Amino acid sequence: MYHIHKYSYRFLFLLSIAVILYATLYREAGRGDIELRLFWTIKRAWSEHSGYYWYLILGNIALFMPFGFFLTAILQKPDWKKAAMMGFVFSAAIEVSQVLLDRGLGEFDDVLHNTWGSLMGYCAAVILGYLFGHQKERYEGKVKGAGLFFGMTILMFTILILYNRPDWSVRLWRR
């Protein structure tokens with residue numbers, strides 16, 4: 001991808017996994033609930049004008065972006081399907097673990113947002129690899145789709161948040 005050694009990308013990929021595991025599973029026990037309604041956080045963020053729920057949505061996306069980015073960097077051929085599938089499987093495993101270990105709320109929305117974040121990381125890797133990498137041909141044919149997905153995601157969330165005008169003053173640890 002860039003002029004960084006392949007082992008550095010592998011290390012950073014493993015580090016992203018460690019950070020995700022720490023952020024999602026290293027917490028006090030006692031909240032092993034499950035939420036099976038899809039899009040409940042988006043509905044709540046919208047209906048309550050809640051900065052807290054927008055924070056949860058965007059935080060889950062941002063948490064998995066390095067995972068998708070460094071996964072793309074270590075793959076022989078960048079593939080959005082692999083980035084999405086790996087993000088989905090890893091996220092689903094975390095959600096199941098949270099429920100079984102009483103370490104948080106296992107929910108479909110988190111799997112969706114985390115998978116989205118993995119795809120955003122893939123897109124960022126493709127775009128940056130094409131612009132600054134020494135193997136541009138590796139990303140040709142992928143950069144337009146990646147740019148479109150990345151740009152549309154940023155545009156969509158910007159419009160939603162500006163139109164919704166959430167209250168960001170709500171304490172972030174309230175649930």
### Query
List, please: which pairs have Cβ atoms under 8 Å, are six or more places apart or on different chains, and start with a residue in segment 88-104 that is in contact (Cβ under 8 Å) with a residue 12 or more places away in the chain and end with one that is surrounded by fewer than 19 Cβ atoms within 10 Å (Cβ to Cβ) and among the charged types (D, E, K, R)?
V99/D33; D102/R31; R103/R27; R103/R31; G104/R27; G104/R31
### Query
Given the structure, is E140 modelled with pLDDT under 95, over 18 Å from A23 (Cα atoms) and of a type outside the set (V, I, T)?
yes
### Query
How do the helices (runs of 4 or more DSSP H) wholly within segment 1-96 filter down when requiring 1 or more residues that are under 25 Å from Q135 (Cα atoms) and aliphatic (A, V, I, L, M): which remain?
6-25, 51-74
### Task
Confirm whether K82 is free of Cβ contacts under 8 Å to residues at least 24 places away in the same chain, among the charged types (D, E, K, R) and out of contact with any helix residue (DSSP H, G or I) (no Cβ under 7 Å at 6 or more places or on another chain).
yes
### Summary
If we keep only residues of segment 13-60 that are among the polar types (S, T, N, Q) and within 13 Å of the chain's Cα centre (by Cα), then the residue surrounded by the most Cβ atoms within 10 Å (Cβ to Cβ) is N60
### Summary
Going through segment 127-144 in order, the residues found to be closer than 17 Å to Y9 by Cβ and of a type in the set (G, A, S) are G129, G133
### Query
Scanning segment 105-137 for residues that are at pLDDT 95 or above and charged (D, E, K, R), which turns out nearest to G59 (Cα to Cα)?
D110
#### Entry: Selection within segment 61-118 - on the phi > 0 side of the Ramachandran plot and surrounded by 17 or more Cβ atoms within 10 Å (Cβ to Cβ)
G104
### Message
Residue under question is A29, and the condition is that it be in contact with a Lys or Arg (Cβ under 9 Å, 6 or more places away or on another chain) and either of a type in the set (A, V, I, L, M) or at pLDDT 90 or above (or both); does it hold?
### Response
yes
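The values are calculated or read from the model by the stated rules, or taken from the named source; none is laboratory data. Keep in mind that what you see is a predicted model, and the values were worked out from it rather than measured. Cβ sites come from the backbone with ideal geometry, for glycine too, and all protein chains shown count toward neighbours.
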